[in-house]
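The values are calculated or read from the model by the stated rules, or taken from the named source; none is laboratory data. Everything numeric here is computed off the predicted structure, so don't read it as measured data. Note that we place each Cβ from the backbone using ideal geometry, even for glycine, and neighbour counts take in every protein chain shown.
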Amino acid sequence: MVSDGSVQQRQSQPAVPLLEEQRVGEILAAVPERRHWRYRPRRVGMVWRSRTFRVAAVFTVLALCGLAILALVRDQTGTQGFLVGLGLAVLPVPLLMAAFRWLDRVDPGPWRNVLFAFAWGAFAAALVAILANSFATRWIATATADPSNADTLGATVIAPVVEESAKAAAVLLIFLFRRREFTGIVDGVVIAGITASGFAFTENILYLGNAFGEDQQIGTSGVVSVTAATFFVRAVMSPFAHPLFTVLTGIAFGLAAAAPRRRRIRRIALPLLGLVLAMGMHSLWNGSAVFSPYGFYAVYGVFMVPVFGLVTWLAIWSRVRELRTLSAELPAYAAAGWLTPAEPLALSSMRARSLARDAARRRYAVEARGTWQSPYGPTPAPSAQAKAAAKAYGKAAAQAVAEYESFATSLASLRLQARRGTAGPDFADRELELLHHLWQRREVASPALAYAAQATGRLRPAYPPPPWTAPPPHPQYGGCRNSYSSPGYNPYLLPRQQPPQ
């Protein structure tokens with residue numbers, strides 16, 4: 001009965017015509033334009049996938065944390081102490097930022113990572129630390145009924161764990177969500193150091209502001225003031241303290257980034273080990289004054305300074321190793337015809353890189369100015385607009401060379417990752433994309449890099465060019481070699497080679 005009723009009901013409904021598949025062209029031609037659509041697809045979950053939304057959400061959270069931590073610090077130091085502490089705490093920041101950016105010059109990371117790391121350390125990590133440390137100290141004082149012991153335990157046990165964990169969170173986030181920009185020890189050192197510099201900046205505001213308030217109460221000023229002593233200890237003697245602690249975590253993350261993907265235990269254990277070492281060093285530093293009246297100076301001279309020297313040497317060695325990676329990996333692309341033989345030599349020298357950018361800037365600016373010369377006699381002085389145009393040409397050429405250097409460095413790093421087994425399954429696509437970017441800028445960058453290789457003594461001039469030095473042309477792009485027909489050919493710029501016997 002049910003089935004008969006349903007059949008009768010279906011038969012009683014009016015027939016609805018169906019569109020025929022053979023009329024596809026006519027149907028699609030009748031579809032209105034997008035602005036006249038009556039129905040639009042539902043964007044399920046698209047807000048969370050939007051990159052703009054994620055960036056706005058992250059920076060909104062950091063801004064709220066910044067307002068909260070600055071309000072807490074001003075509440076503890078007072079308005080005048082806050083301003084004095086802010087002015088003094090800013091002084092070591094440019095030096096620390098310049099040092100870490102210099103270290104990252106070979107393959108510089110994007111500025112968004114730098115800004116995120118500094119903001120996380122200065123706002124988010126500092127807010128977590130001040131709230132957690134205050135809560136833990138009050139809880140210990142209530143549980144033990146000994147406020148002085150609670151302060152000691154809070155400084156030597158609670159603070160290192162909380163602060164280093166909060167700072168390490170920034171390194172972990174960039175390691176997870178900006179994995180392609182986190183490839184080795186240098187990246188870990190830079191991100192960790194900048195995060196810790198931001199944290200030290202906010203902490204210095206608090207300490208210097210409180211010291212100024214103490215000076216206001218006891219009436220001291222000048223060199224003998226508490227503010228001067230605090231500034232000397234925190235900004236002159238040990239501005240590297242917080243960066244040094246967190247850099248241990250960054251080095252561990254860098255080693256994990258360089259480890260093969262199949263080494264999962266190593267990729268998890270190394271960051272945890274680095275975090276434990278950072279906490280231990282931080283605890284030793286905070287507790288140095290508790291050991292004895294001269295404990296601070298003993299820990300500073302016997303432990304902190306040697307470790308700082310060792311970590312500095314490791315960071316600089318890693319930077320030099322990045323340059324050696326270029327000279328080791330890029331000749332394969334020169335042999336295949338993608339690069340000229342001089343380019344790996346120039347790209348593996350920071351001095352040659354800078355010289356190549358300057359050479360391209362001068363060359364294209366001079367060529368733009370050369371259009372003002374007349375073969376029939378002197379011409380009027382160029383206008384301000386013409387000078388600006390020549391300067392723009394030179395600047396654009398230097399930018400093209402800088403981008404070429406950046407892509408070439410990424411290409412060498414990608415090839416090294418492939419040999420280590422950490423490149424991922426999209427290695428071929430990423431390699432082709434980088435080669436495409438190099439090819440687009442080759443006409444401007446290749447002659448400048450060849451000149452820089454010769455000017456820095458990394459390339460011996462040779463003339464005439466023997467025929468065996470030209471690599472075979474690339475089949476897809478029609479040849480990429482230093483030949484008579486290629487743009488930017490220079491017969492005086494050839495690598496040191498011996499003729500075949």
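Out of the residues in region 217-228 meeting the condition of being surrounded by 15 or more Cβ atoms within 10 Å (Cβ to Cβ) and within 16 Å of Phe82 (Cα to Cα), tell me which one is farthest from the chain's Cα centre (by Cα).
Val226
Go through region 419-453 and give me each residue that's over 28 Å from Pro260 (Cα atoms) and buried (at least 21 other Cβ atoms within 10 Å of the Cβ).
Answer for region 419-453, where residues must be over 28 Å from Pro260 (Cα atoms) and buried (at least 21 other Cβ atoms within 10 Å of the Cβ): Arg442, Val444, Ala445, Ser446, Pro447, Ala448, Leu449, Ala450, Tyr451, Ala452, Ala453.
Are there any pairs, at least 6 apart or on different chains, whose C-beta atoms fall under 6 Å, with the first in region 58-81 and of a type in the set (D, E, K, R) and the second surrounded by 15 or more Cβ atoms within 10 Å (Cβ to Cβ), and if so, which?
Listed by first residue and then by second, the contacts come to Arg74/Phe82.
Would you pick out the residues in region 328-344 that are at negative phi and among the small types (Gly, Ala, Ser)?
The answer is Ala328, Ala332, Ala334, Ala335, Ala336, Ala342.
Does Ala397 satisfy the criteria of being in contact with a Phe, Trp or Tyr (Cβ under 6 Å, 6 or more places away or on another chain), crowded, with 17+ Cβ neighbours inside 10 Å and at pLDDT below 90?
yes
Out of everything in region 93-113 that is of a type in the set (A, V, I, L, M) and in contact with a helix residue (DSSP H, G or I) (Cβ under 6 Å, 6 or more places away or on another chain), what residue ends up being farthest from Thr202 (Cα to Cα)?
Val106
Is it the case that Pro260 is in a loop (DSSP other than H, G, I, E, B) and assigned by TED's automatic domain parsing to the domain that holds Asp75?
The answer is yes for Pro260.
Between a residue in region 344-362 that is closer than 17 Å to Ser327 by Cβ and any residue that is among the charged types (D, E, K, R) and outside any helix (DSSP H, G or I), which pairs come within a Cβ distance under 9 Å, given they are 6 or more apart or on different chains?
Every condition considered, the pairs that remain are Leu345/Arg458; Ala346/Arg458; Ser348/Arg458; Ser349/Arg458; Met350/Arg105; Ala352/Arg458; Arg353/Arg105.
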